[in-house]
1. For region A:359-396, which trypsin sites (Lys or Arg not before Pro) pass both filters: DSSP loop (anything but H, G, I, E, B) and at most 12 other C-beta atoms within 10 Å?
2. How much accessible area per residue does chain A have, in Å², with a 1.4 Å probe?
3. Using a 1.4 Å probe over the heavy atoms of the protein chains, calculate the carbon and sulfur portion of the accessible area of chain A as a whole percent.
4. For region A:340-354, what does the Karplus curve 6.51 cos²θ - 1.76 cosθ + 1.60, with θ = phi - 60°, yield as ³J(HN,Hα) per residue in whole Hz, taken in order and with x for Gly and Pro?
5. Please calculate the 1.4 Å probe accessible area of A:D103, with all protein chains present, and give it to the nearest 10 Å².
6. I'd like the accessible area for A:C232, computed on protein heavy atoms only with a 1.4 Å probe and all protein chains in place. Round to 10 Å², please.
7. Send over the per residue convex hull volume for region A:1-134, Cα only, as a whole number of Å³.
8. Report the equivalent ellipsoid semi-axes for region A:87-216 in whole Å, largest first, defined as the square roots of five times the eigenvalues of the gyration tensor built from alpha carbon atoms.
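The values are calculated or read from the model by the stated rules, or taken from the named source; none is laboratory data. All figures in this text were calculated on a predicted structure; none of them were measured in a lab. Don't worry about glycine lacking a Cβ; one is built from the backbone with ideal geometry, like all the others, and counts go over all protein chains shown. When the accessible area is computed, the model is the full protein with side chains, heavy atoms only, and any ligands, DNA or RNA have been set aside. Shrake-Rupley method; radii C 1.70, N 1.55, O 1.52, S 1.80 Å.
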Amino acid sequence: MRLSRFYLPVLKETPSDAQIVSHQLMLRAGMVRQQGAGIYAWLPLGFRVLKKIEQIVREEQNRAGAVEMLMPTIQPANLWRESGRYEAYGKEMLRIKDRADRDMLFGPTNEEMITEIFRAGVRSYKDLPKMLYHIQWKFRDEIRPRFGVMRGREFLMKDTYSFDVDEATARQSYNKMFVAYLRTFARMGLKSIPMRADTGPIGGDLSHEFIVLAETGESAVFCDKGLIDMDCPKKDIDFDGDLQPIIDQFTSLYAATDEIHDAAEFEKTVAANDRLAARGIEVGHIFFFGDKYSAPMKALVAGPEGRDVPVQMGSYGVGVSRLVGALIEAYHDDDGCKWPMAVAPFHAGVINLKPGDNAADKACQEIYDGLAAAGVEVLYDETRARAGEKFARMDLIGLPYQVIVGPRGLEKGEVEFKRRADGLRETMAVGKVVETIANAVKAELRYS
RNA sequence: CGGGGCGUAGCGCAGCCUGGUAGCGCAUCUGGUUUGGGACCAGAGGGUCGCAAGUUCGAAUCUUGCCGCCCCGACCA
């Protein structure tokens with residue numbers, strides 16, 4: 001992609017509205033533009049990151065055996081009257097009327113709708129289990145949106161719903177999502193820690209929040225350091241096998257957010273130098289809620305004994321748009337973003353310091369074509385901006401690798417290679433830089 | 001929703017208290033000089049001062065109402 005054709009409105013100054021670094025950088029790097037409180041337009045650069053995250057989430061859901069579908073953003077109120085939540089949900093739900101004066105709403109979640117869809121097509125326990133998911137925009141009319149996309153009113157969410165005949169099998173569905181989530185966040189370069197969450201009126205131990213550690217995280221978290229070193233399940237894991245040992249392993253050590261943190265228990269069960277008090281961002285939440293919706297909404301299946309029983313359900317959310325912010329919180333420095341390869345808007349940037357110069361243009365084109373042929377996504381800065389501005393801009397948008405091409409280096413047949421993550425810079429020949437980056441990108445995109 | 005703050009050019013801000021031709025820096029455009037880490041000189045364009053009433057000879061400035069945004073709190077992916 002040529003930068004001159006792209007739309008990348010970067011800001012030199014930090015807009016005063018933005019309080020946290022991810023919000024500031026998303027505005028400065030031209031990733032989003034605010035359209036109202038908690039409502040953002042995704043500009044091309046931000047959109048590319050969003051889509052990469054979405055795709056990783058999708059692949060790991062599919063791997064775990066969930067099936068993708070798509071439910072609408074607008075829902076009729078009657079569905080919600082069946083579950084009793086139309087009244088219960090309060091002002092957080094955005095209520096709309098259509099032209100016939102029917103009550104509608106912009107969906108804050110989809111339990112009711114998926115339950116309706118499920119009950120229309122499943123009659124017998126023999127059709128179970130099922131896991132369905134979609135990735136769709138939600139709207140929650142938060143009292144106070146803040147922190148940019150981290151806490152917007154409109155947000156992109158992946159939500160999966162599981163259907164099982166009893167709690168024992170529902171636990172297996174829960175475990176699949178548990179493992180899928182560990183893998184999903186790890187693939188983005190994020191270390192996520194499952195933490196026990198409040199299960200509300202349902203009770204039981206089947207609710208976990210997945211927390212990403214970040215110094216600027218929104219909530220205080222407490223856990224055993226041992227959790228950080230635990231290995232993520234590999235991609236060849238058998239999701240139909242027994243996942244319980246993995247869940248037991250990850251839930252064996254103390255981990256809690258400040259809301260349910262028990263200082264006494266923390267000190268009793270975790271050795272002093274294994275205690276980690278840190279800050280984190282919630283990026284996923286999984287929970288089992290049994291027949292909360294299936295009972296009132298009559299989503300029944302014939303059980304093995306021939307009697308109808310309400311299906312046992314769970315739901316599993318990932319904050320896709322929030323992850324963009326979380327990733328920046330986890331990967332940035334004073335100069336800008338530092339994207340992990342898997343979610344980078346482009347894998348590499350090529351800076352032509354002197355567009356119009358024959359040698360520079362030719363070398364850039366050669367590098368661009370070479371990288372493209374190797375499957376590397378490249379943003380080519382062939383604008384007439386000054387060198388310093390180009391460097392600052394490339395650092396700000398945070399592409400993992402940069403190639404800096406100018407007449408001075410080309411006299412010696414060299415270009416500069418720069419790695420954004422640690423600032424490593426090396427001069428090398430045109431041919432070698434293509435090979436170096438192509439290999440690095442391939443290696444960093446590989447996952448297990 | 002309670003408490004606080006702010007709306008003046010694309011961005012960051014001054015001017016408001018004490019009413020009298022709307023300013024500064026950055027960005028943009030033109031010309032020139034520069035040219036490997038956010039240049040310099042000269043010139044130019046761009047704002048019904050959030051909206052609406054009111055007070056006044058005269059309102060960005062004073063009054064009232066409304067709208068929007070941000071911060072702290074309770075709430076949440």
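1. Passing sites in region A:359-396 are A:R384, A:R386.
2. 45 Å²
3. Reported share for carbon and sulfur atoms: 49 percent.
4. With the stated coefficients, region A:340-354 comes to x, 3, 4, 10, 4, x, 9, 6, 8, x, 10, 9, 9, 6, 9 Hz.
5. Spelled out: A:D103, probe radius 1.4 Å, area about 50 Å².
6. 40 Å²
7. 186 Å³
8. 26, 25, 14
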